[in-house]
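**Q** Take this structure first; my questions come after.
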Amino acid sequence: MPSPIEDYALLSDGRGAALVARDGSVDWLCWPRFDSGACFAALLGTPDHGRWRIAPAAAPSRVTRRCHPGTLVLETRFDTADGTVTVTDFMPHHTPGPMLVRSVAGCAGRVPMQMDLALRFDYGASVPWVTRLPDRGGIRAVAGPDLCVLRSPVPLAGRDRRTQAEFTVAAGEQISFVLAHGASHLPVPDAIDVARALERELADGHRWLERCTYRGQWREAVTGSLRTLHGLIYRPTGGVVAAATTSLPEQLGGVRNWDYRFCWLRDATLSLLALMNAGYYDEAGAWRAWLERAASGAPEQLQIMYGIAGERRLPEATLPWLPGYENAAPVRIGNAAAGQLQLDVYGEVMDALHQARKGGLASDAAGWALQRALLGHLEKIWRDDDEGLWETRGGRQPFTFSKVMCWVAFDRGIKAVEQHGLDGPLSHWRTIRETIHREVCARGFDGARNAFVQSFGAHTLDASLLLLPTLGFLPPADPRIVGTIEAVQRELTRDGFVLRYDTAESRDGLPPGEGAFLACSFWLADALALIGRRDEACALFERLLALRNDVGLLAEEYDPRAKRFTGNFPQAFSHVALVNTAMNLGREVGTSEQRGEDAPPGPAPAAPRAPGRGVSGAAG
C-alpha cells in the first residue's frame with residue numbers, strides 16, 4: 001500500500017519528476033518527461049507496479065527530512081538502534097539524459113541497509129528484461145523502447161523480478177546508486193561523478209535562491225513554494241505542469257481522479273505574477289513564450305490545456321491493471337477536458353499577456369495580432385454556455401465566472417490600447433465590455449442572498465467568485481462583493497477551509513464529494529484582506545501554511561475530517577496561490593488589486609438587494 005500523500009517529497013530535473021516517501025521508497029517516477037509512462041507506479045498500485053526503496057533493514061526510531069535551500073535535493077535521516085544514516089536523493093539537471101541519484105552516508109555506528117528495486121515501464125504494465133552490465137557494476141533493464149541502467153558499488157541479486165541488495169554503512173562511509181534512463185537503441189548512458197553532480201546542484205540552488213526578491217515575513221514558505229513551482233517547469237519549453245501525478249483522488253476511494261501532468265491556461269496569470277513578483281523573470285518569460293506558442297492558431301481552436309510542449313491531443317484512457325491510490329479507481333492518463341469549451345481561458349490569456357507587458361516582458365506584433373484575433377472570436381461566443389473553470393462533466397451552463405473572464409479579456413485588450421499604445425477598436429471593445437458587465441450583474445447576482453452565484457439564474461455558490469475584486473470587476477468595498485465573500489465563507493467552508501462548490505448541489509456529472517480546494521482557501525484570505533479583515537486573513541493564511549508537509553509541499557485539496565491531503569501532488573495552483581497571498585498580505589491591501597490593476601473608480605452603491613446595472617466596466 002502506498003504512503004499517505006502528505007508523506008511524499010518531490011524530486012525533479014525540469015524534465016521528469018519522482019515522489020519519495022518517508023520510508024525511503026520512490027513510488028512514482030515518470031521518464032523522460034513529466035507526462036511519460038511511469039517506470040515506478042507503486043503510488044497507484046502495489047510495489048510490484050514499480051518502486052525503488054533504500055532504507056535501514058531494521059525499522060528506524062526516527063525519520064527526519066529536509067531539502068537543501070533553493071533545491072529539491074532531499075536528505076532523509078534515519079536514526080536506528082545500530083546508528084544513523086542519511087539518504088540523499090536528487091535528479092541532476094546537467095546530465096545528457098535523466099538520472100536519479102541515491103547516496104547513502106553513514107553518520108554514526110554501523111547500519112545494515114536494504115535496497116529493493118522493481119523496475120517497470122508503461123505504468124507498471126511492462127516487466128523489463130534485466131541483464132548485468134559487462135563490468136558487473138550494475139544492471140541493464142530493457143522493454144521495447146525503454147532502457148534503464150542501475151550502477152551500484154554493492155553486489156546485486158535478482159529475485160521475483162526484482163533487484164535487491166543488502167549492505168552495511170559505517171560512520172564516514174558513503175555508497176551511491178545511480179539510475180539512468182535512455183532509449184534502448186542507443187548506447188548505455190555514461191557514469192557520472194556523483195560528488196561533482198551534487199555540488200553543482202547545491203551551487204545552482206544557492207544562486208537561484210539569491211535571485212528571489214521577496215523579503216517578507218513568510219520568506220521560507222514563499223521560497224519553498226517557488227522552488228516547487230520551479231520543479232514543475234518543463235525546462236525545454238517553459239511550460240508549467242499542474243502537478244507531477246495523475247489520478248490521486250479528490251475524494252479518498254472516489255472516482256474524481258484526473259491526469260494533471262499538463263499545462264492549464266487557467267494557471268497562466270497567477271503563475272506569471274508569482275514568478276515576476278519574486279524576481280524570476282527568466283522563468284516568467286519562458287512561461288509567457290510557451291503560452292503564446294500554445295495559444296497560436298485558429299482562435300476557435302483555443303484549448304483550456306495543452307501538453308508540456310504545446311501538444312493539443314491529450315486523449316483520455318484508463319489503466320485497468322492499476323487499482324488506484326488506496327483503491328480509488330479508475331486510474332486515468334490523458335485528459336478529455338482538453339476538448340471542453342471554457343470561456344474563462346480567453347480572459348486568462350489576455351490577462352497574462354497584459355501582466356507580462358506591465359511587468360516589462362517584451363512582446364511582438366505577432367503576439368498582439370493573436371490577441372486581437374482571440375477577441376474577435378470571443379465577441380461571437382461569449383454568450384454561449386460552457387463547461388466552466390472547474391471542467392464539469394454535467395453539461396454546459398452559463399457560468400458566472402466564465403462571463404466575468406470574458407469581461408476581463410476585453411478589459412485587458414482595452415488597457416493594451418490605452419496604456420501601451422497598441423492599435424485596436426477601442427470604442428467597440430468598450431461597448432462589449434459594458435454589455436458583459438451589465439449582464440453579469442443582472443443575471444449572475446442573487447439579490448435575495450446579496451451574492452454572485454455559480455451560474456446565471458442559479459442559487460449555488462462558487463469559490464471562483466472570490467476573484468471578482470482582484471480582477472477589477474467591482475471594487476472590494478462594493479456590497480455585492482462583500483456579500484459574496486461572506487456567503488462563500490458561510491456556506492462553502494468546511495472546518496475553515498473552502499470548497500470549490502457544493503458537489504451535492506451543483507450539476508457537475510459526477511458523484512458528490514471532494515476535499516477542500518486549497519487555492520480557493522488562499523483566495524478567501526486575499527478577499528478578506530481586501531475588505532479590511534486583515535487579521536482574519538492572516539489567521540487563515542497561517543492555518544493553510546500549517547498544512548504543508550515536512551518538506552513544504554501542498555496537494556490540490558485537503559480533507560479536514562480525515563486530516564489528509566487529497567488530489568494530485570504537489571499542486572502548482574496551491575503553491576502559486578500561497579506565493580501570491582503572502583505577497584498580497586505583505587503589502588497594503590484594499591487600495592490595489594491582486595493582479596496588479598489599479599483600484600476601480602467610483603463609489604460603491606448603497607447596499608443593493610436586487611440585481612442592478614453595476615459599476616462601469618472601466619476598472620483600472
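**Q** From Cα pairs below 8 angstrom and at least 6 apart in sequence, can you work out the relative contact order of the chain, rounded to a whole percent? Before the final figure, lay out the partial values.
**A** Working: 1434 pairs, mean separation 76.2, N = 620.
This gives 12 percent for the chain.
**Q** When the accessible area of the chain is split by element with a 1.4 Å probe, what percent falls to carbon and sulfur?
**A** That share works out to 51 percent.
**Q** Now for a different question. Counting pairs of alpha carbon atoms under 8 Å apart in space and at least six apart in sequence, what relative contact order in percent does segment 1-102 give?
**A** Details: 217 pairs, mean separation 21.2, N = 102.
Over segment 1-102, the number comes to 21 percent.
**Q** Could you calculate the contour length gain from HIS428 to ASP204, that is, 0.36 nm times the residue separation minus the distance between their Cα atoms, to one decimal place in nm?
**A** Stretched fully, the HIS428-ASP204 segment lengthens by 75.7 nm.
**Q** Suppose R0 equals 22 Å. What FRET efficiency, 1/(1 + (r/R0)^6) with r the Cβ-Cβ distance, do ARG313 and GLU379 give to the nearest 0.05?
**A** 0.20
**Q** Which value, in debye to the nearest 20, gives the size of the charge dipole of segment 326-461 about its Cα centre, when Lys and Arg are +1 and Asp and Glu are -1 at the Cβ?
**A** Roughly 220 debye, rounded to the nearest 20.
**Q** While we're on this one: Which sequence of GLU556, GLU166 reflects their accessible areas, 1.4 Å probe, from the largest down?
**A** These residues rank, largest area first, as GLU166, GLU556.
**Q** Also, quick follow-up: Just flag the trypsin sites (Lys or Arg not before Pro) in segment 77-165 sitting in loop per DSSP whose Cβ has no more than 16 other Cβ atoms within 10 Å.
**A** ARG136, ARG161
**Q** Here is a further query. So which helices of the chain fit the span-like rule, where a helix is a whole DSSP H run, its Cα atoms reach 15 Å or more along the axis, and its mean Kyte-Doolittle is at least -1.0?
**A** What comes out of the filter, once short or polar helices are dropped, is 194-210, 219-231, 281-295, 344-358, 365-381, 400-420, 426-443, 479-491, 518-530, 534-545, 572-585.
**Q** If you put +1 on each Lys and Arg Cβ and -1 on each Asp and Glu Cβ, how big is the dipole of segment 1-137 around its Cα centre, in Debye rounded to 20? Don't skip to the answer; put the middle values down first.
**A** Values: 14 positive and 14 negative charges, 53 e Å.
Rounded to the nearest 20 debye, it is 260 debye.
**Q** About the Cα centre of segment 75-122, what is the dipole size in debye to 20, counting +1 per Lys and Arg Cβ and -1 per Asp and Glu Cβ, all else neutral?
**A** It comes to approximately 100 debye.
**Q** Where the centroid of each part is defined by its Cα atoms, how far is segment 252-274 from segment 1-80 in Å?
**A** Answer, in whole Å: 22.
**Q** Let me ask something additional. Need one word for segment 447-529: rounded, prolate or oblate. Basis is the Cα gyration tensor (sqrt eigenvalues a ≥ b ≥ c); a/c below 1.5 gives rounded, then a/b vs b/c decides.
**A** Since a/c reaches 1.5 but b/c is at least a/b, the shape of segment 447-529 is classed as oblate.
**Q** Lysine pairs in the chain 8 or more apart or on different chains: how many have alpha carbons under 27 angstrom apart?
**A** 5
**Q** For segment 45-93, what class follows from the C-alpha gyration tensor (a ≥ b ≥ c being the square roots of its eigenvalues): rounded when a/c is under 1.5, otherwise prolate if a/b is larger than b/c, else oblate?
**A** Cα axes put segment 45-93 in the oblate bin.
**Q** All other residues with a Cβ under 10 Å from the Cβ of THR64 taken together, and with Lys, Arg as +1 and Asp, Glu as -1, what is their net charge?
**A** So the surrounding residues net to +2.
**Q** From the list (1) 25.0, 82; (2) 31.6, 114; (3) 27.8, 105, can you say which value of Rg and Dmax of the Cα atoms in Å was derived from the structure given?
**A** It is the one labelled (1).
**Q** Sort 373-381, 404-412 by packing, meaning the average of other beta carbons within 10 Å per residue, with the highest value first. Before the final figure, lay out the partial values.
**A** Working: 373-381: 17.1, 404-412: 28.2.
Those peptides, ordered most packed to least, come out 404-412, 373-381.
**Q** How much accessible area per residue does segment 30-132 have, in Å², with a 1.4 Å probe?
**A** Computed with neighbouring chains in place, this is 33 Å² per residue.
**Q** Follow-up question, since we're still on this one. Please give the contour-minus-distance gain from ARG211 to VAL255: 0.36 nm per residue of separation, less the Cα-Cα distance, rounded to one decimal in nm.
**A** That pair, ARG211 and VAL255, stretches by 11.7 nm at full extension.
**Q** Mind checking the full-extension length gain between ASP550 and ARG161? Use 0.36 nm per residue of separation minus the Cα-Cα distance, one decimal, nm.
**A** 136.7 nm
**Q** Calculate the spin-label point distance for ARG219 paired with ARG132, positioning each point 7 Å from the Cα along the beta-carbon direction, and give it in nanometres.
**A** Inter-label distance under the simple model: 5.3 nm.
**Q** Please sort 61-69, 306-314 by packing, taking for each peptide the average over its residues of neighbouring beta carbons within 10 angstrom, highest first.
**A** By packing density, highest mean first, the sequence is 306-314, 61-69.
**Q** Can you give the calculated 222 nm mean residue ellipticity of the chain, where each DSSP H run of n ≥ 4 adds -39,500 (n - 2.57) and the sum is split over every residue, rounded to the nearest 500 deg cm²/dmol?
**A** Roughly -9500 deg cm²/dmol at 222 nm, from the helical runs in the chain.
**Q** If you count only protein heavy atoms with a 1.4 Å probe, what accessible area per residue comes out for segment 236-326, rounded to a whole Å²?
**A** On a per-residue basis, 29 Å².
The values are calculated or read from the model by the stated rules, or taken from the named source; none is laboratory data. Because the structure is a prediction, the values reported are computed rather than measured. Ideal geometry is used to build each Cβ from the backbone, glycine not excepted, and the neighbour counts take in all protein chains shown. Note: accessible area is taken over every heavy atom of the protein model, side chains too, but ligands, DNA and RNA are not part of it. Shrake-Rupley method; radii C 1.70, N 1.55, O 1.52, S 1.80 Å.
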